[in-house]
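S.K.: Structure provided below as structure tokens; questions to follow.
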Amino acid sequence: MKVAEVSNVVVAGAGTMGASLAQIFAQCGLRVTLWNRSRQGLDRARALIENNQAALVSAGRVSETGSQELIGRITAQTNESCFSDADFVIESITENLEVKQAFFRHISPVVREDCVLATNTSGLSISALGTSVYKPGRFAGMHWINPPHLIPLVEVVSGGETSEETSGFVYDLGLRLGKKPIRVKDIPGFVLNRLQFAVFREALSIVESGAAGLEDVDGAMKYGLGLRYACLGPFESVDLGGIDVFYKIASYLFGNLENRGDVPDMLKSLYESGSWGVKSGCGFYDYTGGKAEKAVKNRDSKIIKITDALLEDEK
Ligand SMILES: NC(=O)c1ccc[n+]([C@@H]2O[C@H](COP(=O)([O-])OP(=O)(O)OC[C@H]3O[C@@H](n4cnc5c(N)ncnc54)[C@H](O)[C@@H]3O)[C@@H](O)[C@H]2O)c1
């Protein structure tokens, strides 16, 4: 299968990520089937897609007609018939190794042998998932970042059995979709989540120690480091700041950073009490009384403005 020949895509799993992923393929003119095991999930996804599209229309990223045409290219179904003539399937169901393996064990013999299969796992082993795939050479990781219809990065992950042809295909597909793919080997968390969780562990440690509050830490990222990281990677940043300066700071600071291997109590207690963030109305912050919708809208409108500025600058 050549990337230019792809016309029929199945996104399996219509959760937060699946709904957003369907829009990326449809935006590129491809026919997309959003498959989910329940009709209820598909209805939720339809509402998410409509909200996302309304935000893009109001930001001037897409016209009202273009948006309606895009939505028209997405079919939603619970029937598995969509898999038999797919050119490309991306799985985005729940983050559980056994559940994903059962999905691929069931679906991979049903799809055509030239159909490329990918998983949107956040960091499960691609090699371990590949053991459940019939003809695993055509299977790779394609890890997107939430909300993927707005964030350009996609991580292309090769497992032990992934062929060069397949990783090249997934990489080129990312380019065809107008995204910024990077290649990664099959290490836990790949690149993005290793970076994200190193920061998150340190952020939890700072707050738990009482050295700074939640808002202070979030502010340090939003108005300081995050702003720089939107423009430069860590290596580019250090080159600009001076290797000598960073060397001296690293000599006394690395030994002071958090390096615990277990989940800190602050996160554990939120998880155990069901305070799961925006989706449950409470997390580190309170999201009741319309604050959840506002937080998502706010995030999306800022990402649109920042990516527009960054991509414009690269032209
Ligand atoms: N949310 C994020 O920030 C994010 C970012 C990148 C990657 N991911 C990854 O994307 C995948 C989906 O995440 P999400 O946030 O959309 O999750 P979600 O909970 O919103 O959706 C999960 C979907 O999986 C389906 N599902 C659950 N059990 C299933 C089963 N046994 N068989 C078939 N379908 C089943 C559900 O119906 C639902 O549609 C996960 O692998 C996750 O790690 C998530």
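The values are calculated or read from the model by the stated rules, or taken from the named source; none is laboratory data. Not measured: the values here are computed from a predicted model. For neighbour counting, all protein chains shown are included, and Cβ atoms are generated from backbone atoms with ideal geometry for every residue, glycine included.
S.K.: So, restricting to strands (runs of 3 or more DSSP E) that lie completely within the stretch 104-180, which ones have at least 3 residues that are over 24 Å from Gly15 (Cβ atoms), touching a strand residue (DSSP E or B) at 6+ places or on another chain (Cβ under 6 Å) and outside the structural domain of Asn52 (by TED's automatic domain parsing)? Let's see the steps before the verdict.
M.R.: Details: elements: 116-119, 139-144, 153-158.
Counting at least 3 such residues, we get no strands (runs of 3 or more DSSP E) at all.
Conditions tested, residue by residue: (1) among the acidic types (Asp, Glu); (2) over 30 Å from Thr162 (Cα atoms); (3) modelled with pLDDT of 95 or more.
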| position | (1), (2), (3) |
| --- | --- |
| Gln196 | no, no, yes |
| Glu202 | yes, yes, yes |
| Glu208 | yes, yes, yes |
| Val217 | no, yes, yes |
| Met221 | no, yes, yes |
| Leu225 | no, yes, yes |
| Gly233 | no, no, yes |
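S.K.: From the residues in the stretch 49-74 that are within 16 Å of the ligand (Cβ to nearest atom) and modelled with pLDDT under 95, which one is farthest from Ile304 (Cα to Cα)? Don't jump to the end; show me each part of the working.
M.R.: Of all residues in the stretch 49-74, those within 16 Å of the ligand (Cβ to nearest atom) come to 49, 51-52, 74.
If we keep only those that are modelled with pLDDT under 95 too, we end up with 51-52.
On the way: Asn51: 14, Asn52: 11 Å.
Step by step, filter the stretch 49-74, then rank; the result is Asn51.
S.K.: Scan the stretch 167-189 and give yes if some residue there is over 30 Å from Leu30 (Cβ atoms), within 17 Å of the chain's Cα centre (by Cα) and loosely packed, with under 14 Cβ neighbours inside 10 Å, otherwise no. Please lay out each step first, then the result.
M.R.: Residues of the stretch 167-189 over 30 Å from Leu30 (Cβ atoms): 187-188.
From the residues that got through so far, the ones that are within 17 Å of the chain's Cα centre (by Cα) too are 187-188.
Imposing the further condition that a residue be loosely packed, with under 14 Cβ neighbours inside 10 Å reduces the set to 187-188.
Yes, that holds for at least one residue.
S.K.: A follow-up question, please. Within the stretch 139-147, is there a residue that is away from the ligand (no atom under 14 Å from the Cβ) and modelled with pLDDT of 95 or more?
M.R.: yes
S.K.: Could you check the stretch 8-41 and list, in sequence order, the residues that are among the charged types (D, E, K, R) and either more than 8 Å from the ligand (Cβ to nearest atom) or closer than 10 Å to Cys82 by Cβ (or both)?
M.R.: Step one: filter the stretch 8-41 for residues among the charged types (D, E, K, R), giving 31, 37, 39.
Within the stretch 8-41, Arg31, Arg39 meet the criteria.
To keep it simple, each residue is scored yes or no on (1) farther than 27 Å from Pro188 by Cβ; (2) away from the ligand (no atom under 15 Å from the Cβ); (3) among the polar types (S, T, N, Q); (4) in contact with an Asp or Glu (Cβ under 8 Å, 6 or more places away or on another chain).
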{"site": "Ala76", "(1), (2), (3), (4)": "yes, no, no, no"}
{"site": "Lys100", "(1), (2), (3), (4)": "no, no, no, yes"}
{"site": "Phe103", "(1), (2), (3), (4)": "no, no, no, yes"}
{"site": "Cys115", "(1), (2), (3), (4)": "yes, yes, no, yes"}
{"site": "Ser122", "(1), (2), (3), (4)": "no, no, yes, yes"}
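S.K.: Another question about this same structure. Which ones in the stretch 80-98 are more than 11 Å from the ligand (Cβ to nearest atom), aliphatic (A, V, I, L, M) and assigned to a strand (DSSP E or B)?
M.R.: The answer is Val89, and nothing else.
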